[in-house]
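The values are calculated or read from the model by the stated rules, or taken from the named source; none is laboratory data. What you see is a predicted model, and the numbers here were worked out from it, not measured in a lab. Cβ: placed from backbone, ideal geometry, glycine included. Neighbour counts: every protein chain shown.
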Amino acid sequence: MRQAQTTRRMLTSLTIAAALSIAAVVGIYFFLTVNGVKALQFNSLGQILLGTTWDPESTPPKLGLLPMIISTLYVTAISVAIAFPISLLCATYLAEFAPTFLRRTLRPAIDMLAGIPSVVYGLFGILTLVPFARYYLGSPSGYSVLVAGIIVAIMILPYMTSVMMEAIRSVPREYVEAARGMGATRWQVVRTVLWPAALSGIASGGMLGTLRAMGETVAVALVSGGALMIPKSPLDPCRPLSAHILLQATVLPVGSPGYYALYFAGLILMLMVTAVIVAAHRVRRRPGRPRKRRVKGGRLNPVLVSRLMTGLMIAAGVIAAGALVGITGYIFVNGVRALDWNVLFGPVHIGDPVHSALYPALLGTLALMFYSTVFAVLVGVPTALYLAHFAGESRFTQAVRFAIDTLAGVPSIVYGLFGATLFVVYMKMGYSVLAGALTLATMNLPVVVRTAEEAFRSVPREYIEAARGAGASWYHVVKDVLLPMAKPGITAGITLSMCRAAEEAAPIILTAVMIGLVTSNPFVHVLQPTDALAFRIYLIAKEYLMVPEARQVAFAAALVLVAVTLSLNFLAIYMRDRFERKVGREV
């Protein structure tokens, strides 16, 4: 009787945890809508969507968002156009043709790109690509749509490559062997078998990249130029919606017309993201199949074409790995020169990001990582367990899965608006470590759920059936079988959650950090604001970068932050590979 009650309590807790993901999505849409529609008191819907002037302090206020909407689509289109072919070729080579030793080297290198913080990408872009565009491409200032698109393309490349590679690896081997038995070359196998059979996964990877590109905030805000205009060429400056919200949210007074228009902008961004997610769900339901036709040679020599395409696949992998080496090498070389004891542990000057030591920012980053991961794990692991072994195929389960997919695509700046409204204002936490940690936990929930669910599903079914056959309740099966065997996969998810919490700047700018107010111990004083490495780099890159001394501090902070995030990312990759070997999958 006691075991049955314990099991019922566990199932109730798992269901409640799963329902919180639905509540988070509803809450995001609720706060965006409630605050966003208030902008319609000052401008009509047509004036906001089609207006080209942003002047919220004029009388009457002008809240036109058309330049920002077009800039969002422009940057997204350029970044996806660059990243998609590179990701597809690289994923194909890694999944099908790369030697084992090269796959085990190149795949982690590409995955490590996801561990570089967006603010570091922005810093790199300002100091390298912006001058290049100004001096060699004819861009008036260097800050442009093209530079933003290139930076975002590098950022989304590892996500697209990972999804596409898994899709191609899942193609049944008999399809490939049948094509080879007919005398097909490598390229013919790829073109007529692998890509058609993995089409839904390839499309999903492209849509995931599109989601990430639409929502990227900090890097785009630093390199796009922030111009309130409709860009007419890729060399013009621009201001996408996410960057617009970030740049304006810190200067507009609460309750002003512009303040409500930012929520309306967030709502537009969410609707765009949701449309992509719905499209991705429909694409996933369409199983890919090889083309049902004989392999024929074209006008060109098929062997030469195959060699050419293989070379392009290798080149794509080299480009991806080269991006990692180039960016990390640039930060490492300059950061080592700038890093010294005084920069790390010198005096703290409140309100002075240039001359203040970095250790308060490091402590604040670690505190946000710790508390956000704790909250995300407390909800994410039970949700994953529910989806893996107790959910079934009910409408509630479908709603939970759609909510998780939606949360994974929500732009970080929208999480910032959500956290600022719910935690900072309504729950009266103010700008604080706790508000920032809860916001980051909501953002990291999909990461924990997906990795933990995969870990739970990978536990051999015979172990569960053996425990149940021996009379164990579901509570003891979870405690003694599922959790111990899924520990490596869960640990990888926790590590990735910590990594993302460390690298995000946009959500904490609206919820946790405040210039001039820094708590001495963010692990204890959780209801006070704090400093953070990502915020320090963003602030210097935005306001002080032309000062040589400030540039050195930015490099030092970037080196410390990259060291933290890449170490966590490397640990997550190691745990993932170890888990895949444990369940019998080839890395």
Query raised in the report: Out of ARG401, ARG395, which single residue is free of Cβ contacts under 8 Å to residues at least 40 places away in the same chain, among the basic types (Lys, Arg) and surrounded by 14 or more Cβ atoms within 10 Å (Cβ to Cβ)?
Result: ARG401
Query raised in the report: Do we find that PRO347 is part of a loop (DSSP other than H, G, I, E, B) and exposed (fewer than 14 other Cβ atoms within 10 Å of the Cβ) in this structure?
Result: yes
Report task. Report yes if some residue within the range 67-81 is outside the structural domain of VAL276 (by TED's automatic domain parsing), in contact with a Gly (Cβ under 7 Å, 6 or more places away or on another chain) and part of a helix (DSSP H, G or I); otherwise report no. Result -> no
Requested in this report: Go through (1) modelled with pLDDT of 90 or more; (2) touching a Lys or Arg at 6+ places or on another chain (Cβ under 6 Å) one by one and return the number of the condition ALA388 breaks.
Outcome: (1)
Query - ILE508 being β-branched (Val, Ile, Thr), surrounded by 24 or more Cβ atoms within 10 Å (Cβ to Cβ) and more than 19 Å from LEU417 (Cα to Cα) - result: no
Query raised in the report: Inside the range 341-355, can you point out the residues that are over 31 Å from the mean Cα position of the chain (by Cα), of a type outside the set (A, V, I, L, M) and at pLDDT below 80?
Result: HIS349
Report task. Just name the residue that is modelled with the lowest pLDDT out of those in the range 245-296 that are of a type outside the set (A, V, I, L, M), within 30 Å of VAL119 (Cβ to Cβ) and within 19 Å of the chain's Cα centre (by Cα). Result -> THR274
Report task. Of the numbered conditions (1) within 18 Å of MET155 (Cα to Cα); (2) more than 18 Å from the chain's Cα centre (by Cα); (3) of a type in the set (S, T, N, Q), SER200 fails exactly one; give the number of that condition. Result -> (1)
Query raised in the report: Among the residues of the range 3-21, is any more than 24 Å from THR439 (Cα to Cα), out of contact with any Pro (no Cβ under 9 Å at 6 or more places or on another chain) and charged (D, E, K, R)?
Result: yes
Query raised in the report: With (1) without any contact (Cβ under 8 Å) to a residue 24 or more places away in the chain; (2) aliphatic (A, V, I, L, M); (3) surrounded by 18 or more Cβ atoms within 10 Å (Cβ to Cβ) as the list, and MET546 as the residue in question, which single condition is left unmet?
Result: (3)
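Residues checked against (1) buried (at least 23 other Cβ atoms within 10 Å of the Cβ); (2) of a type in the set (D, E, K, R); (3) part of a helix (DSSP H, G or I):
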position	(1), (2), (3)
ASP405	no, yes, yes
TYR415	yes, no, yes
PHE418	yes, no, yes
LEU422	no, no, yes
VAL425	no, no, yes
Query - PRO99 vs. criteria in the same structural domain as GLY226 (by TED's automatic domain parsing) and free of Cβ contacts under 8 Å to residues at least 60 places away in the same chain - result: yes
Query raised in the report: If you check VAL526, VAL587, VAL560, which single one turns out to be among the β-branched types (Val, Ile, Thr), at pLDDT 85 or above and outside any helix (DSSP H, G or I)?
Result: VAL526
Query raised in the report: Taking helices (runs of 4 or more DSSP H) that do not extend beyond the range 145-229, which have at least 3 residues that are buried (at least 24 other Cβ atoms within 10 Å of the Cβ) and in the same structural domain as SER87 (by TED's automatic domain parsing)?
Result: 145-169, 199-215, 218-223
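Okay, residues lined up against (1) modelled with pLDDT of 95 or more; (2) buried (at least 21 other Cβ atoms within 10 Å of the Cβ); (3) more than 26 Å from SER204 (Cβ to Cβ); (4) under 28 Å from the mean Cα position of the chain (by Cα):
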{"residue": "THR15", "(1), (2), (3), (4)": "no, no, yes, yes"}
{"residue": "SER21", "(1), (2), (3), (4)": "no, yes, no, yes"}
{"residue": "GLN41", "(1), (2), (3), (4)": "no, no, yes, no"}
{"residue": "LEU50", "(1), (2), (3), (4)": "no, no, yes, no"}
{"residue": "THR53", "(1), (2), (3), (4)": "no, no, yes, no"}
{"residue": "THR59", "(1), (2), (3), (4)": "no, no, yes, no"}
{"residue": "LEU89", "(1), (2), (3), (4)": "no, yes, no, yes"}
{"residue": "ALA95", "(1), (2), (3), (4)": "no, yes, no, yes"}
{"residue": "ALA98", "(1), (2), (3), (4)": "no, no, no, yes"}
Requested in this report: Can you work out which of the residues in the range 50-66 that are outside any loop (DSSP other than H, G, I, E, B) and in contact (Cβ under 8 Å) with a residue 60 or more places away in the chain is nearest to TYR259 (Cα to Cα)?
Outcome: LEU63
Query raised in the report: Residues ARG551, ARG500: which one is on the phi < 0 side of the Ramachandran plot, in the same structural domain as VAL449 (by TED's automatic domain parsing) and modelled with pLDDT of 85 or more?
Result: ARG500
Query raised in the report: If you take the residues in the range 131-144 that are closer than 28 Å to LEU89 by Cβ and assigned to a helix (DSSP H, G or I), which one is farthest from the chain's Cα centre (by Cα)?
Result: TYR136
Query raised in the report: Could you say whether any residue in the range 472-491 is assigned to a helix (DSSP H, G or I) and under 29 Å from LEU271 (Cα atoms)?
Result: no
